[in-house]
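The values are calculated or read from the model by the stated rules, or taken from the named source; none is laboratory data. Predicted model, so just to flag it, every value in this text is computed and none were measured. Note: ideal-geometry Cβ built from the backbone for every residue, glycine included; neighbour counts use all protein chains shown. Remember, those area values only see protein heavy atoms, side chains included, never the ligands or the DNA or RNA. Shrake-Rupley method; radii C 1.70, N 1.55, O 1.52, S 1.80 Å.
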Amino acid sequence: MTLMLVAVVVKLMWVQVVRAPELSAQSASQRTVTTKLPATRGDIVDTNGKPLAYTVDARALTFQPVRVRDELAEAHAKDPEAPTAEEYIDKAVAKLSAMLGDKVDARELRKEMASDKQFVYLARQVDPRKATAITEEFSKIGSDPDNIREYPGGALAANILGATRWDGSGLIGLESSMQSVLAGTAGSKTYDRGSGGDIIPGSVRDVHPAQNGSTVRLTIDSDLQYFVQNAVQKAKDASGAKNVSAVVLDADTAHVLAMSNDNTFDPSIGVGDPANDHAELGNPSVTTPFEPGSVNKIITASAAIEYGLTTPEEVLQVPGSITMDGVTVSDAWPHGVAPYTTTGIFGKSSNVGTLMLAQRVGQDRFAQMVKKFGLGQRTGVGLPGESAGAVPPEDQWTAGTFANLPIGQGLSMTLLQMADMYQTIANDGLRVPPRIVEKIVGPDGQVTTPEEPEPVRVVSPETARTVRDMFRAVVQDDDGNQRGTGVPAAVEGYQVSGKTGTAQQIDPECGCYSNSDYWITFAGMAPTQDPRFVVAVMMDRPQRSADGSGGMSAAPLFHDIASWLLQREQVPLSPPAPRLVLQAG
């Protein structure tokens, strides 16, 4: 007995003195838990505060199969009245199936809970009230934050907003590029856990609250975006085009009011859902440049007026073709020498007349004007993946380059850059780089307004007003020689200025321009006398016009968007304007 008492004393001293610090540390590590306090992702709203994307609270139900079954077996061994692991699992599966319905599969649940895994998810994105009801009855089922990202408009503005991953982080679009602003910062807390897994009262410490994400307010008008998105899809279906896109800018601020492409995906069902397999996940309006065609002639027109090289009424004897540095360019229709006014050259979209004026401007001044209009430069709109387009450096121009650039071939731009060119003329010659983020509102209510870019003076206000008036000729209707190329763009009761464009695409088989595949464009502003809106449209390889009629014109789509905008905003009707002379004699 003495030996036994000595042994017990020695053992107690060994445990309580020698190994006490080590065992205490092990005990603390087993019961001490530090958990993450997730931040709520910020909302994305339109310019009127309407939600485009927001986060809804939800829970993920979790289970630790091996640990829980061991605990249940131990409890049953001590108290035969306690449920066995199998009985507990059966009851839990029945409860989950009854409350969550089609969200779970009973056989799969039972298989997971009886597995040899250390951790499993039983259900994701569960309503918090249902999750609480389940965990109150079955305390060994865990409940973790698993918020749902909602897109109330479905596919509305999805090409702008983008989507999130399964874990709630940004995947594409603004959700990705503004991840640091929207996500916020997770917090944490430390507590002691009892043998049943519950928090020991009074043990919570080292609490660092989460900082929720900020709300991002866009310049987009969701009602207009909805209309434009539907109009673009209808135009795509009616024209047989491969793709159709449209951009609407505020003429004064260059804020993006709408930006849409066809076949937009629906982020509310997940990017990986089969329903989105053939949808457009990107935003071609800023990522995909193209050759603009005659829409680019506004640069030549602006330069010729700005430098005093012509007047709108000057009559030029325009032949059917012109040869520059060995390159011969013809008009789209055969004609002999025709007495077109400068206004008529652009109203009828004469390549030859445009190049005659470009020769007066000269290469150096033309190159400077291209740069002022922002071509070959990213706008910095605030959207991911933006392309700068391509403009060949002047020192690399070949003999035929200057025969192509003034008529919109040999350079490329995005649809947003095209809209920004016309915003310059609509805004009395002052180019304002477009923006899509209006402001950021922090979780504490502090408002941050993105820095506004410096406007660029491109031409004088007088030149801009003259060019605006000249480009009314494009939509002018007439039975004779005074008819423009974009009559379907006209809006009854309003003066409208704009320009049609047709650009040949490159045939990959020969590396030459195709005679069958075109980019068809239209860009314009309304109303002419005091522009409120700028609309730019691009159709990729259409078979018909945007309204399904003959030809290949994007003008009907411009008309639909512009007329809807002018009526919704109750813009006063335009005063009568004098008819323009396009062809003398």
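In table form, for the structure just shown:
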item: Rounded FRET efficiency, nearest 0.05, which uses the C-beta distance separating E280 from V327 and R0 of 41 Å; result: 0.65
item: Solvent accessible area, Å² - Y191, 1.4 Å probe, full protein context; result: 30 Å²
item: Relative contact order of the range 278-420, pairs being alpha-carbon contacts under 8 Å that are 6 or more residues apart, as %; result: 37 percent
item: Candidate residues D46, D477: accessible-area rank, largest first, probe 1.4 Å; result: D477, D46
item: The range 305-373 shape via C-alpha gyration tensor axes, a/c threshold 1.5; result: oblate
item: Residues S460 and Q396, FRET efficiency given R0 of 45 Å [Cβ-Cβ distance, rounded to 0.05]; result: 0.90
item: Whole-number percent relative contact order across the range 309-355, with pairs defined as alpha carbons under 8 Å at least 6 apart; result: 44 percent
item: Residues with amide H under 5 Å from that of N243, placed H, sequence gap 5 or more; result: D540
item: Extension gain from Q504 to R532, taking 0.36 nm per residue of separation minus the Cα-Cα distance; result: 6.9 nm
item: Where labels lie 7 Å past Cα in the beta-carbon direction, separation of D479 and V337 in nm; result: 3.1 nm
item: Amide proton proximity set for Y518, modelled H, under 5 Å, gap of 5+; result: Q505, R541
item: Extension reserve of the Q359-T185 stretch, reckoned as 0.36 nm per residue once the Cα distance is removed; result: 56.7 nm
item: For the range 381-508: accessible area per residue (Å², 1.4 Å); result: 38 Å²
item: Check: the range 207-343 dipole with +1 on Lys, Arg Cβ and -1 on Asp, Glu Cβ, in debye; result: 100 debye
item: Reachable aspartates and glutamates, given that their alpha-carbon falls under 18 Å from the alpha-carbon of K95 and they are not under 8 places away in the same chain; result: E86, E87, D105, E108, E112, D127, E136, E137
item: Scattering profile of the range 418-477 at q = 0.13 Å⁻¹ [log10 I(q)/I(0), Debye over alpha-carbon scatterers]; result: -0.49
item: Net lengthening on full extension, L573/N263 (0.36 nm per residue, minus Cα-Cα); result: 108.1 nm
item: Lysines with Cα under 21 Å of K234, excluding same-chain neighbours fewer than 8 positions away; result: K242
item: Burial order of peptide ranges 308-315, 481-488 (average beta-carbon count within 10 Å, highest first); result: 481-488, 308-315
item: Förster-model FRET efficiency, 51 Å R0, Q446 and D547, C-beta, rounded to 0.05; result: 0.60
item: Mean separation of Cα contacts under 8 Å, 6 or more apart, over the residue count of the chain: relative contact order %; result: 15 percent
item: Listed residues N230, V256, S176: farthest to the positive end of the dipole of the range 174-273 (Cβ charges); result: S176
item: Carbon and sulfur %, accessible surface of the range 313-436 computed with the full protein complex present, 1.4 Å; result: 50 percent
item: Unit charges on C-beta of K, R, D, E only; dipole of the chain, Debye; result: 780 debye
item: The chain: radius of gyration over Cα atoms, expressed as a fraction of 2.2 N^0.38 Å; result: 1.36
item: Amide hydrogen neighbours beyond the local backbone of A390, cut-off 5 Å, H modeled; result: G376, S412, M413
item: Peptides 356-369, 425-438 ordered by average Cβ neighbours within 10 Å, highest first; result: 425-438, 356-369
item: Spatially proximal lysines relative to K50 (Cα-Cα < 20 Å; intrachain offsets below 8 disregarded); result: K439
item: Solvent exposure of the range 179-281 as accessible area per residue, Å², 1.4 Å probe; result: 44 Å²
